[in-house]
Amino acid sequence: MESYLFPFDSLICMLLGISFTVWFTLLLVFIIVPAIFGVSFGIRRLYMKSLIKLFEWATLRMERGAKEKNQHLYKPYSNGIIAKEPLSLEQEIQDMRRGGAEPEFDMSDIFYFCRRGVESIVDDEVTKRFTAEELESWNLLTRSNYNFHHISTQLTALWGVGVLIRYGFLLPLRVTLAFTGVGLLVVLTSIVGLFPNGRMKSYLSDKVHLMCYRICVRALTAIITYHDRENKPKNGGICVANHTSPIDVIILASDGCYAMVGQVHGGLIGVIQRAMVKACPHIWFERSEVKDRHLVAKRLSDHVADKSKLPILIFPEGTCINNTSVMMFKKGSFEIGCTVYPVAIKYDPRFGDAFWNSSKFGMVNYLLHMMSSWAIVCSVWYLPPMSRMEGEDAVQFANRVKAAIARKGGLADLLWDGGLKRGKVKEVFKEEQQKLYSKVLVGSSEDCSRS
Amino acid sequence: MGSTSSTLLKIPNVEVLMQETGFSPAHMIRLHDRFKALDKEGRGHLCPQDFGAIKELAMNPIGDRIIGAFFCPGKETVDFHTFVKILAHFRPVDKNRPKEPNSPEPINSRSNKLRFAFQLYDQDKDGKISRDELLKVLQAMLGMQVTEEQLESIADRTIQEADLDRDDAISFEEFRKVSPEILHSRCFIKV
């Protein structure tokens, strides 16, 4: 009896051993070594292209299935509950009156304001930016589509397979990589910290940081396209970018070396922060120091004045926005008076929503979502450097930079303040609506009096 | 964020609601999410302040009237049921609905949409829009942009045109007559 079990046992051990070795070798060759040297085999891009084809098929199938079952598909933006047509006030009111150019007030004019009001109850521009973007196509993640219920067995099966792949294969792989990346970062930066200050240390620190961030990028299967690299931020400047998620840092830092700014945390992040600062100067603030704006500004200016230190990376929106727009930039970083290097980051929402809704999900939950998505695909544009012009104050400068970033990234440039989850709306906006409407009435009555 | 059907079940009386209002399951879920998002303190019902927090609504000249339309007289809260039923007024008209003589009129019929707008004018709910009520709405929509005299003349002219029984107020029937036919297909569109 025992002789039966022994060879079986050792066979299993052998198999396990071999598969682990194969697994780790593959990991090393295909992921870690390229990360060290900054090259890519192109596997991720191939993966991305096949995913796109798959999603297109899934969307078509879903639409066909819905038609067969005679159900209404919910499509955001194009067929909402109330379709929003971007006509101006004058056009809308004239449309309502249909041709008969009566310039006087009509009782039904109230419908225009009424409809606008109800539209904003159903969905408003500001709150929309703080919730995840809704997609028109389906990317096999139930979390991003309202239409998913049992439309066809094929789709459900495909979704099931998708779940298995994502949670059973991709997630463990990514978690392993993430731990490797972070672990290496802590260990290697501490080692580099032992070197005396000088060119050798900066060189090594740059290499170490880049390598670890690249491993983290692979841990998220992030497929990043960098544009206009000639505009990359240089020492003595500040790099500003729009903020969608904590991953933004990893995405930017895997292509260039930056000095990070942030609050000192405890726990794991604190360990990472302390290790990083040994290798090259980052700016970490104690919680009490954050309130003191002068102290913050002074530390930033000092850092910037020293040309041997890396450019600072700042996200002026102050909070995570859902990547369909850019909100108001806080002016603090624009007051320092050095060159600003704007960067626009736009995520492709088809593969996985990178937006972190901090009121809904905690950090761990968010990371789990990230790592169990298909991939993170984004584009980064480096814009040419900007400086404050004569006679321009910090707020105007901030708005100018914001407009440039929004334009490049194809994001809507919103006037609203990112901190506007609370806060009152100015009376000025209401007056503008009244002005527009009165122009329709008074303007046309002027024509009347002339004739 | 689980699957659709489980979220649908969390909404009480959802089948009845869908039948009464004509919203699809996907719309119901969307509205339910929106309701929860507006209900920041998670109380299960909305109060006027929750609506007031919507910036675009605060910016709307008749914003507070629209908010008032959601609350029944005397009630300080809106539950999901009422929320959906009021929003159902704004669904596009079902052109292909068969005309059954005994079934109740759907919420999004042209007549009910007009009634909703009528109530925006008629704040004291006496069934008539008085000259004062009309003036108040004009003031809201035009603000400081026109003079008092202009406002009064507009109000007078409007009542003159619409008031058929000469009682110096506009009843619902008179309101219905002056509202353009095009109303239902343009303002509360689409799909």
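Observations on the model:
- Unique residue being within 13 Å of another protein chain (Cβ to nearest Cβ) and at pLDDT below 75 when the list is A:125, A:68, A:119, A:90: A:125
- Summed over the stretch B:26-36, residues that are more than 15 Å from residue A:119 (Cα to Cα) and at the interface with chain A (Cβ under 7 Å from one of its Cβ atoms) total 2.
- If the condition is being more than 16 Å from residue B:68 (Cα to Cα) and more than 10 Å from chain A (Cβ to nearest Cβ), then the stretch B:127-155 contributes B:127, B:128, B:130, B:131, B:132, B:135, B:147, B:148, B:149, B:152.
- For beta carbons closer than 8 Å, sequence separation of 6+ or different chains, a first residue in the stretch B:7-32 that is assigned by the TED database to the domain that holds residue B:46 and a second that is basic (Lys, Arg) and at pLDDT 85 or above, the qualifying pairs are B:17/B:85; B:20/B:85; B:21/B:85.
- Scanning the stretch B:156-177 for residues that are exposed (fewer than 14 other Cβ atoms within 10 Å of the Cβ) and within 8 Å of chain A (Cβ to nearest Cβ) returns a single hit, B:157.
- The residues listed here are A:340, A:377; of these, the one that is under 22 Å from residue A:177 (Cα atoms), in contact with a Gly (Cβ under 9 Å, 6 or more places away or on another chain) and at pLDDT 85 or above is A:377.
- Count of the stretch B:161-174 residues, restricted to those that are at pLDDT below 85 and assigned to a helix (DSSP H, G or I), is 2.
- Matching entry among A:81, A:52 (being aliphatic (A, V, I, L, M), at pLDDT 75 or above and either surrounded by 12 or more Cβ atoms within 10 Å (Cβ to Cβ) or outside any helix (DSSP H, G or I) (or both)): A:52
The rows are residues; the columns are (1) over 14 Å from residue B:85 (Cβ atoms); (2) modelled with pLDDT of 85 or more; (3) surrounded by 19 or more Cβ atoms within 10 Å (Cβ to Cβ).
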| site | (1), (2), (3) |
| --- | --- |
| B:2 | yes, no, no |
| B:18 | no, no, no |
| B:22 | no, no, no |
| B:27 | no, no, yes |
| B:35 | no, yes, yes |
| B:55 | yes, no, yes |
| B:65 | yes, yes, yes |
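- Yes/no for residue B:191 being at the interface with another protein chain (Cβ under 8 Å from one of its Cβ atoms), farther than 30 Å from residue B:27 by Cβ and either part of a helix (DSSP H, G or I) or modelled with pLDDT under 85 (or both): no
- So residue B:50, is it surrounded by fewer than 19 Cβ atoms within 10 Å (Cβ to Cβ) and not aliphatic (A, V, I, L, M): no
The values are calculated or read from the model by the stated rules, or taken from the named source; none is laboratory data. Everything numeric here is computed off the predicted structure, so don't read it as measured data. No Cβ is skipped: glycine too gets one built from the backbone with ideal geometry, and neighbour counts run over all protein chains shown.
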